[in-house]
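Heads up: the structure comes next, in structure tokens.
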Amino acid sequence: MNASSELYADVAAHGSLAAALQAVATASGVSVAVVADERQSLFNATIASAAPHRRPLGVSAGAAKRVWSVSGWSQGISTISGSTTDLAEVVKAALAWSDGATLREIQRAAPFVEVTARGEAAESGPEHVVTGEWEWLLRDADEADWPDYRALITAAHAEPRLRRLYPYTSHWELRFSTTTGFPFSPDVVCLSVSRSSMFRVRGNWTGPFVAEVATAEEAVRIAGDLLPSGLSAAVAGAYPYEE
């Protein structure tokens, strides 16, 4: 038995983390549908949810110390996480997740659970996720020591056609998704600013520049005109790429 296994000798006695969770649930008079990880059954398990948009709750055991962590994703968004040394607390979180409880209800049932801001926004609708991300980008731009970048984010937010899409940045480039969850959609347009204070527009992150202009407002106007006709506001969920 290795050092990690020794930390979980009681779990090993049940044969898997899934079985240990089931045993704790049974002792508490509740039932959860736990699935063992075939490759690391002692350290990982998942619990499905009655809410169709939720992925199974992930439960994993720590390698260096005795602790269990949970991770819950819904509609391509990380909604809850947290760690505890009490397997009974994991069962409480798992039961609430499985029953389709709201994120705050899950947290009340198992206080070790942390609710993400994006996850909570998603419960109110995709427009709230979009609004929250814009608010974060604006705060981040205000704190950045780069006035041109701040001008770009501010101008993009002021354009209604862009403001209803999900915004995110990669290598200081402002990109837009038609979905609020990860993986995001293919780019519809990208904006950036060079160190020489030129504002750039291109159709996608790896494509050629469509325009390079002197003001953020002009770049945003061009970007807005490049958007596909009839493009709707960002919708909930991850983009359905073909497998």
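The values are calculated or read from the model by the stated rules, or taken from the named source; none is laboratory data. Please read all numbers here as calculations on a predicted model, not as lab measurements. Glycine also receives a Cβ, built like all others from the backbone with ideal geometry; neighbour counts cover every protein chain displayed. Ligands, DNA and RNA are stripped out before the accessible areas are found, and what is left, the full protein with its side chains, is counted by its heavy atoms. Shrake-Rupley method; radii C 1.70, N 1.55, O 1.52, S 1.80 Å.
Here region 144-172 is scanned for amide nitrogen atoms under 16 Å from the site 7 Å beyond the Cα of Glu127 along Cα-to-Cβ, giving 160-166. Remark: the chain carries 50 Å² of accessible area per residue (probe radius 1.4 Å; ligands, DNA and RNA excluded). For the chain, the carbon plus sulfur part of the accessible surface works out to 52%, probe radius 1.4 Å.
Label-to-label distance, Ser229 versus Arg55, with points set 7 angstrom from Cα along the beta-carbon direction: 3.8 nm.
Note on the chain: Cα Rg divided by 2.2 N^0.38 Å, N the number of residues, gives 1.26.
Entry note: region 91-152 has Rg to Rh equal to 1.21, where both radii use alpha-carbon atoms and Rh is the Kirkwood radius. Decide, for region 4-44, between rounded, prolate and oblate: order the square roots of the alpha carbon gyration tensor eigenvalues as a ≥ b ≥ c, take rounded if a/c falls under 1.5, and otherwise choose prolate if a/b is larger than b/c, else oblate. In terms of gyration-tensor shape, oblate. Across all Cα pairs in region 151-221, the calculated P(r) in 10 Å bins from zero up to the longest distance comes to 22, 58, 19, 1 percent per bin. With both labels modelled 7 Å from their Cα along Cα-to-Cβ, the Thr215 to Ala64 distance reads 5.3 nm. Short-range pairs are left out: with C-alpha atoms under 8 Å and at least six residues apart, the relative contact order of region 14-101 is 24 percent. Counted by Cβ distance under 15 Å from Val201, the other residues give a net charge of -3, where Lys and Arg count +1 and Asp and Glu count -1. Computed from label points 7 Å out along Cα-Cβ, the spacing between Ala117 and Tyr241 is 2.7 nm.
When shorter helices are ignored and each DSSP H run of at least 4 residues is given -39500 (n - 2.57), the per-residue value for the chain at 222 nm works out to -11000 deg cm²/dmol. As a length-normalised measure over Cα pairs under 8 Å and 6 or more apart, the relative contact order of the chain settles at 13 percent. Within the shell of other residues whose beta carbon sits under 15 angstrom from the beta carbon of Ala93, the net charge comes to 0, with Lys and Arg scored +1 and Asp and Glu -1. For region 4-108, the Kirkwood estimate of the hydrodynamic radius, built from every pair of different alpha carbons, is 13.6 Å.
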